[in-house]
Amino acid sequence: CWSPNIGVVRDPRWGRNLETPSEDPLICGTFGAEYSIGLQNGEDARFLQAVTTLKHFAANSLEGPWYEDGNYGGNQTRHTVDPDISMYDLHSTYLPAF
């Protein structure tokens, strides 16, 4: 199952903020771990109930009509956006939840 979404969201323009648990990487990581355990573990330890897939890895949750070449309205997707995240932000904010 494509769940849970533990991407850190700090921009309300994203529009999918309700899918994520928090802006805090620790809370996102804890939520993701517990959610995964709850979905996967069932009555029989030999079998998984579901296989979880944590979303959206490494700041891959930026979609929408963002600025492109200095002009508003360029349609960016997760395949075309260049978030230009600093190494500090990547390691202190976006990667810890995973």
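Quick notes on this one:
- Projected label distance in nm at V51 and R10, using a 7 Å step from Cα toward the beta-carbon: 3.4 nm
- Taking amide H as placed 1.01 Å from N in the peptide plane, N41 has its amide H under 5 Å from the amide H of Q49, each at least 5 places away in sequence or on another chain.
- Per-peptide average of other Cβ atoms within 10 Å, ordering 24-30, 37-43, 3-9, 49-55 highest first: 3-9, 24-30, 49-55, 37-43
- The modelled label-to-label distance for the pair T80/L95, using points 7 Å beyond Cα in the direction of Cβ, is 2.9 nm.
- Heavy atoms of H56 accessible to a 1.4 Å probe, total area in Å² rounded to 10: 20 Å²
The values are calculated or read from the model by the stated rules, or taken from the named source; none is laboratory data. For clarity, every value in this text was computed on a predicted model and none was experimentally measured. Note: ideal-geometry Cβ built from the backbone for every residue, glycine included; neighbour counts use all protein chains shown. SASA here: full protein model, heavy atoms, side chains in, ligands and nucleic acids out. Shrake-Rupley method; radii C 1.70, N 1.55, O 1.52, S 1.80 Å.
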